[in-house]
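Note sheet for the following structure.
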Amino acid sequence: MSRLVDTQRAYDRISQLLDQEMRNRKGSTTELERFRQTLDVAFYLLGWAQFEYLVRKEAEDQIEAKAKGHTVERHAWNYLKANLKGLAVRLRLDIIFHGNPVVRNSLDKDYTLRNEAAHDYKLPKEAKDISGWLKSLEKLVDDF
């Protein structure tokens, strides 16, 4: 179990508190709605940061194992091993999910949304269920 579970639990609790505050508010909830948007973006980016760390570690483990092999491909794996720092997230995802193109393509789309959230500070409508999304990331990590 990764820290993604804790992140998802924290998001759910803070989200419940914000919902409760919105229900109790007598006047405008505009400010609280902005807080909700900020909360969603922050936890979306936190989830991605935690997932990227786990992806980096898993890709390194796979590359290390394949570099020790006794096949001609070990030279390519050793090259990757020597250049791990420069390996982009999408390439690391390719290494881990090469056998599951549906998941890989979905993560590619999510990573594009992540970049939009990080650089434009807005959460695309495709990523609104933060709690469910964090659970799905945890499931992917469990399947590594």
Exercise. What pairs can you find where one residue is in the range 98-113 and open to solvent by 80 Å² or more (accessible area, probe 1.4 Å), the other is assigned to a loop (DSSP other than H, G, I, E, B) and acidic (Asp, Glu), and their Cβ atoms are less than 9 Å apart, with a gap of 6+ or different chains?
Worked result: none
Problem set entry | Check on Leu91, in a helix (DSSP H, G or I), over 26 Å from Asp129 (Cβ atoms), out of contact with any helix residue (DSSP H, G or I) (no Cβ under 7 Å at 6 or more places or on another chain) and open to solvent by 60 Å² or more (accessible area, probe 1.4 Å) | yes
Exercise. What single numbered condition from (1) farther than 21 Å from Phe144 by Cα; (2) free of Cβ contacts under 8 Å to residues at least 40 places away in the same chain; (3) open to solvent by 70 Å² or more (accessible area, probe 1.4 Å) fails to hold for Tyr121?
Worked result: (2)
Problem set entry | Pairs with Cβ under 8 Å, 6+ apart, first in the range 125-144 and closer than 22 Å to Glu58 by Cβ, second at pLDDT 90 or above and acidic (Asp, Glu) | Phe144/Glu58
Seminar exercise, completed: Scanning the range 127-144 for residues that are loosely packed, with under 12 Cβ neighbours inside 10 Å and assigned to a helix (DSSP H, G or I), the one modelled with the lowest pLDDT turns out to be Asp143
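The values are calculated or read from the model by the stated rules, or taken from the named source; none is laboratory data. Every value quoted in this text rests on a predicted model; they were computed, and no experiment measured them. Positions of Cβ are backbone-derived with ideal geometry, glycine not excepted, and every protein chain shown enters the neighbour counts. Accessible surface areas use protein heavy atoms only, side chains included; no ligands, DNA or RNA. Shrake-Rupley method; radii C 1.70, N 1.55, O 1.52, S 1.80 Å.
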